[in-house]
Structures are given as C-alpha cells and as structure tokens.
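Here's the structure we're looking at; comments come further down.
The values are calculated or read from the model by the stated rules, or taken from the named source; none is laboratory data. Remember, predicted model here, so these are calculated numbers, not experimental data. A quick note on method: Cβ atoms are made from the backbone with ideal geometry, for glycine too, and the neighbour counts reach across all protein chains shown. What goes into the accessible areas is simple: the full protein's heavy atoms, side chains included, and nothing from ligands, DNA or RNA. Shrake-Rupley method; radii C 1.70, N 1.55, O 1.52, S 1.80 Å.
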Amino acid sequence: MSEERLRIAIQKSGRLSEGSFELLKQCGLKISRGKDKLYGRVQELPIDVLLLRDDDIPSFVADDACDIGIVGQNVFEEDCLQITREQPAEEVMPLGFARCKLMLAAPKDWTFEGVEMLEGRRIATSYPGLTGAWLKKQNVKARPVMMKGSVEVAPRLKIAEAVCDIVSTGATLDANGMKPVATVFESEATLIRRKAPFSPEKQTVFEALLKRINGVITSRDAKYIMMNAPRDAVAAITENLPGADAPTVLELAGSSGKVAIHAVCRESVFWNTLEDLKKLGASAILVLPIEKMMP
Ligand code: ATP
Ligand code: ZN
C-alpha cells in the first residue's frame, strides 16, 4: 500500500542535492524520476523521494508529510529556534557532506577587537534564530535584522553594521568590503525524522536504510592497506595504521624475515602515513578503496 512506503525529503537542486542523491545511490537505491518531477520512486525498497526546497524540509518532516529528510543543520536548527511546533522533527545523524560555516562578518576597515564591538549594532542575516542565540551566549545585545538573500550588501545599504552569513571561501564578503570575524555555527547535512513512531512496516524499511547509510559513512574514508615488512617491524607498523583493528599478518613464500600485513584503516590514509610506514621498513605498499562495509 502506498502509505506504507517510507517518504524521504531531499533538496531538489542546490548545494545539498548532489550529496543527497549520491548517498542514496551508494545505499543501492535507484530513483526513477522525470526531469522536473517533484517526486521519485525507489525500485529496490518501498521508499518514495520528495524533491523540495531545503527550507521546506524541516516542516514537511515535522508535519508528517514526510517521514525522514536530508537538510543542512543550519536550516534545521534555525527552524527549531524560530518555529514552535507541537512535535518538531528529530536529528538522527550527521551525514558528513555540505559542510559550511555561519560566520559573523564586519566591514574590513573595522579593527575587530571582539564581539563587544557589536553591542547595540544591527546584524543582517537570514539566520536570526542562530545569530540571536549566539549573541545571547556572548552576552552581547545586538539586533539581528532578517534578510532573505544578498545579506552581504546590507552594510553598504546602511541596513546593518555587520552581517551573519554562510561563508565558504569568503570571496563574496571580500568583494563587498567585509571580513569574517567569528564562527557562529558549523553545519553539515544531517538526517532528520518525524518524532511520531513509524508503523512496523515503515520502521523495518527505516532501519534497513539506516544500516546502509551507516555502512556508506563508515566506509567513506576507509581503505584496505597491504604491504610487506620485516617480521620484527609488525608491532611498530600496526601502531602507525590510522584507525585499524588488529591487522592480518601472512607468511611470504620463500622469505623468512619478511611478512605481508593487511589491514582496514577506518581513518584517512595520507601520503605522510605511507612515508612513515616506509621508514619503519614497509615496502610494496598498496592502498585500495573499500566500496561497502558492514560490521
Ligand atoms: P533552495 O532553492 O533549496 O532553497 P538555497 O539557495 O536555499 O536552496 P543552497 O545554496 O543550495 O540553498 O544551500 C543549501 C544548503 O547547503 C545550505 O543551507 C547549507 O546547509 C549547505 N551549504 C554547503 N556549502 C555551502 C556554501 N558554500 N554556501 C551555502 N550553503 C552551503
Ligand atoms: Zn533554501
């Protein structure tokens, strides 16, 4: 029955959509949809995908129009702070993509000596909830001025003295004579769910999807690493493998002093990790991607 399909809300197009589609794809879900459709159907599991503006996702999930959703923590927390709902949606887990920062920015010609400088000033932002909460924590009485877009032009228009906005490179701020001075909120994409319990059928699908998402996230940085090494270097090498459990140590045919070491590294393996291993006597080091992992 159609009401027993788990409904997931994701951003239709924008900075969250590629990561969201990619995550669902890595979970083995193929979404069939037409080009401008607002709705997609998954073949493998009873899941429907709704394609929305990111700002609508928290309310769709809170109001039971969707069961789960993927949205930026910035948008979700702002929604929680601004709108009183009977049953707000709940965060299930952060997803590790679409990382960004909400930052306070001041005119470049200010010698910024601390947040006290903002006392009594107006701060233009699309995030009055997050900005207001942060100012309160800093014990500064400033006034957030709500702007939906083009926040960075506010000081030139004399609408506000400072701004609080999502910053990635800082180029937009720079072009408008502003510089970032403090981080107000750090954000990434997150999975949210409606508070009310799911029916047993939906709960089963939800748990299956959650397991797959967990598998994708844990295997994202994970690598399978193989190398040869002197037998007496095994302990030192094991200590230098990032995020690895006990490695597998194998005999090398025709070589008594050397062994092969195989391990799953759950944290990033960098070039300097390899250089350190080499210094410890490792040779023929191979690093392989891991596609899926299930504990
Ligand atoms: P929509 O049309 O869906 O309302 P939008 O224009 O409000 O889209 P986007 O610019 O696509 O939103 O950003 C969506 C989310 O992506 C942001 O709320 C934030 O969580 C995240 N994000 C990641 N990197 C950035 C960035 N560099 N700038 C802005 N947002 C970013
Ligand atoms: Zn939006």
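Computed values, structure above
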read-out: Some residue of region 182-193 being touching a residue at least 12 places away in the same chain (Cβ under 8 Å) and more than 26 Å from the chain's Cα centre (by Cα); value: no
read-out: Index of the failed condition, Trp110 passing every other in (1) outside any helix (DSSP H, G or I); (2) open to solvent by less than 70 Å² (accessible area, probe 1.4 Å); (3) within 23 Å of Cys80 (Cβ to Cβ); value: (3)
read-out: Residue list for region 72-106, filter: at pLDDT 95 or above, β-branched (Val, Ile, Thr) and more than 18 Å from Thr183 (Cα to Cα); value: Val92
read-out: Some residue of region 124-143 being of a type in the set (Val, Ile, Thr) and in contact with a strand residue (DSSP E or B) (Cβ under 6 Å, 6 or more places away or on another chain); value: yes
read-out: Any hit, region 47-57, residues being on the phi < 0 side of the Ramachandran plot, out of contact with any Lys or Arg (no Cβ under 9 Å at 6 or more places or on another chain), open to solvent by 10 Å² or more (accessible area, probe 1.4 Å) and within 16 Å of ligand 2 (Cβ to nearest atom); value: yes
read-out: Only one of Ile166, Ile159 that is open to solvent by 30 Å² or more (accessible area, probe 1.4 Å) and either in a strand (DSSP E or B) or under 17 Å from Leu81 (Cα atoms) (or both); value: Ile166
read-out: Selection count where residues are within 14 Å of ligand 1 (Cβ to nearest atom) and hydroxyl-bearing (Ser, Thr, Tyr), scope region 43-84; value: 1
read-out: Count of region 234-249 residues which are open to solvent by 90 Å² or more (accessible area, probe 1.4 Å) and either part of a loop (DSSP other than H, G, I, E, B) or in contact (Cβ under 8 Å) with a residue 12 or more places away in the chain (or both); value: 2
read-out: Residue in region 23-42 that is under 17 Å from the mean Cα position of the chain (by Cα), open to solvent by less than 10 Å² (accessible area, probe 1.4 Å), away from ligand 1 (no atom under 11 Å from the Cβ) and without any contact (Cβ under 8 Å) to a residue 40 or more places away in the chain present; value: yes
read-out: Any hit, region 188-195, residues being surrounded by 21 or more Cβ atoms within 10 Å (Cβ to Cβ), within 16 Å of ligand 2 (Cβ to nearest atom), among the aliphatic types (A, V, I, L, M) and part of a strand (DSSP E or B); value: yes
read-out: Hey, Ser219 closer than 30 Å to Ala62 by Cα, polar (S, T, N, Q) and open to solvent by less than 30 Å² (accessible area, probe 1.4 Å) or not; value: no
read-out: In region 225-282, the residues that are within 35 Å of the chain's Cα centre (by Cα), more than 22 Å from Met293 (Cα to Cα) and of a type in the set (Ser, Thr, Tyr); value: Thr273
read-out: Residue that is most open to solvent (accessible area, probe 1.4 Å), among those in region 250-270 that are charged (D, E, K, R) and assigned to a strand (DSSP E or B); value: Glu251
read-out: Criterion: among the β-branched types (Val, Ile, Thr), open to solvent by less than 70 Å² (accessible area, probe 1.4 Å), out of contact with any His (no Cβ under 6 Å at 6 or more places or on another chain) and over 29 Å from Ala162 (Cβ atoms) - qualifying residue of Val71, Val92, Val115; value: Val92
read-out: Complete set of residues in region 273-289 that are without any contact (Cβ under 8 Å) to a residue 40 or more places away in the chain and either open to solvent by less than 90 Å² (accessible area, probe 1.4 Å) or part of a strand (DSSP E or B) (or both); value: Thr273, Leu274, Asp276
read-out: Residue in region 131-151 that is surrounded by the most Cβ atoms within 10 Å (Cβ to Cβ), counting only those that are out of contact with any Gly (no Cβ under 7 Å at 6 or more places or on another chain) and part of a strand (DSSP E or B); value: Val145
